[in-house]
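Reviewing the structure listed below.
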Amino acid sequence: MTDDKDVLRDVWFGRIPTCFTLYQDEITEREAEPYYLLLPRVSYLTLVTDKVKKHFQKVMRQEDISEIWFEYEGTPLKWHYPIGLLFDLLASSSALPWNITVHFKSFPEKDLLHCPSKDAVEAHFMSCVKEADALKHKSQVINEMQKKDHKQLWMGLQNVVSTWSSQEIETTQRVKQDRFDQFWAINRKLMEYPAEENGFRYIPFRIYQTTTERPFIQKLFRPVAADGQLHTLGDLLREVCPSALAPEDGEKKNQVMIHGIEPMLETPLQWLSEHLSYPDNFLHISIIPQPTD
């Protein structure tokens, strides 16, 4: 892979200032103060909200506590979606901090999967990594890895989460750097390909839209065209999600977001896959309506 390490680092260290508030109908013994965290974009809610859970459980009786879940403006937040994807898809046009509501009862069975433990998150994460490598390398790279390599990927993702205090941010920064190095020591192998091939077999991607009931779009798409030209983000969208693009003579109606930015449509898809994929090795692309203000 091309070595744009600063891009990889910026993606890894991306944070979203977030305010967690207990749902007003939850029963408490005293007032529940909001709780503030800097959430890592590349992680999952279940992995980084232990502090939130402990904070609110202090003001609640044990019998009033069941499985924790989160929502934003009435939409339950899927724990198996990366945090950055959830924010881009649902809240990217809102002011910061991101205001998330915390629930301990009335679990929305129709909208969310249960998450009994962090083992469930690990199983989901590794399943995605394996699926991505099946697309990129016919599973050859992941199958050649030892179990300890799989575990190192997972442990690297155990991203340290900090509150907004400058002292805690500084303290955790060194640990985050260690986790970055730990993760990429293994993940780099998943991002390599033979020089003569100019890219992966297929690009692992999922496209999400707020305007449809379909969870996401995922199809086989090669990074290199038959004539040897590199396919771009625009090429991908024209083929699998043309409604995301503005007509040549029309006004732009959508934003195409990855990690909180709008990449140029001319960007080679292979480069995006190597540098803007989430740790699960997928490009998670959000198509959201263009803000009107």
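A residue that is closer than 26 Å to Ile203 by Cα, free of Cβ contacts under 8 Å to residues at least 60 places away in the same chain, among the basic types (Lys, Arg) and out of contact with any strand residue (DSSP E or B) (no Cβ under 6 Å at 6 or more places or on another chain) occurs somewhere in the range 1-18. Within the bounds of the range 51-73, is there any residue that is under 14 Å from the mean Cα position of the chain (by Cα) and part of a helix (DSSP H, G or I)? No - not one qualifying residue is present in the range 51-73. Scanning the range 73-87 for residues that are more than 13 Å from Tyr208 (Cβ to Cβ) and crowded, with 23+ Cβ neighbours inside 10 Å turns up just one, Ile83. The number of residues in the range 34-64 that are β-branched (Val, Ile, Thr) and open to solvent by 30 Å² or more (accessible area, probe 1.4 Å) comes to 1.
Determine, yes or no, whether Leu47 is within 30 Å of Gln290 (Cβ to Cβ) and within 17 Å of the chain's Cα centre (by Cα). Explain how you work it out, then say what you get.
On the way: within 30 Å of Gln290 (Cβ to Cβ): no; within 17 Å of the chain's Cα centre (by Cα): yes.
It is false that Leu47 is within 30 Å of Gln290 (Cβ to Cβ) and within 17 Å of the chain's Cα centre (by Cα).
Residues being of a type in the set (Lys, Arg) and more than 24 Å from Glu26 (Cβ to Cβ): count how many of those fall in the range 84-138. Steps first, answer last, please.
Of the residues in the range 84-138, the ones of a type in the set (Lys, Arg) are 105, 110, 118, 130, 136, 138.
Cutting the leftovers down to more than 24 Å from Glu26 (Cβ to Cβ) gives us 130, 136, 138.
So the answer is 3.
Counting only residues that are surrounded by 15 or more Cβ atoms within 10 Å (Cβ to Cβ) and either on the phi > 0 side of the Ramachandran plot or within 25 Å of the chain's Cα centre (by Cα) (or both), the range 20-33 holds 3 of them.
Can Tyr81 be described as at pLDDT 90 or above and either part of a loop (DSSP other than H, G, I, E, B) or polar (S, T, N, Q) (or both)?
Yes; evaluated as a whole, the condition is true for this residue.
For the range 134-144, taking the residues that are in contact with a Lys or Arg (Cβ under 8 Å, 6 or more places away or on another chain) and among the charged types (D, E, K, R), the one that is surrounded by the fewest Cβ atoms within 10 Å (Cβ to Cβ) is identified as Lys138. Taking the conditions (1) out of contact with any Gly (no Cβ under 8 Å at 6 or more places or on another chain); (2) surrounded by fewer than 17 Cβ atoms within 10 Å (Cβ to Cβ) in turn, Leu272 satisfies each one other than (2).
Every residue, every condition in (1) assigned to a helix (DSSP H, G or I); (2) in contact with a Ser or Thr (Cβ under 6 Å, 6 or more places away or on another chain); (3) under 30 Å from Glu73 (Cβ atoms), yes or no:
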{"residue": "Val102", "(1), (2), (3)": "no, no, yes"}
{"residue": "Lys105", "(1), (2), (3)": "no, yes, yes"}
{"residue": "Leu113", "(1), (2), (3)": "no, no, yes"}
{"residue": "Val121", "(1), (2), (3)": "yes, yes, yes"}
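Condition first: open to solvent by 20 Å² or more (accessible area, probe 1.4 Å), over 30 Å from Met191 (Cβ atoms) and more than 15 Å from the chain's Cα centre (by Cα). Can you find one or more residues in the range 124-133 that meet it? Looking for residues that are open to solvent by 20 Å² or more (accessible area, probe 1.4 Å), over 30 Å from Met191 (Cβ atoms) and more than 15 Å from the chain's Cα centre (by Cα), one finds none in the range 124-133, hence no.
The values are calculated or read from the model by the stated rules, or taken from the named source; none is laboratory data. Since the model is a prediction, treat every value here as computed from it, not as a measurement. With ideal geometry, Cβ positions are generated from the backbone for all residues, glycine too; neighbour counts draw on all protein chains shown. Accessible surface is based on the protein model in full, side chains and every heavy atom, while ligands, DNA and RNA are left aside. Shrake-Rupley method; radii C 1.70, N 1.55, O 1.52, S 1.80 Å.
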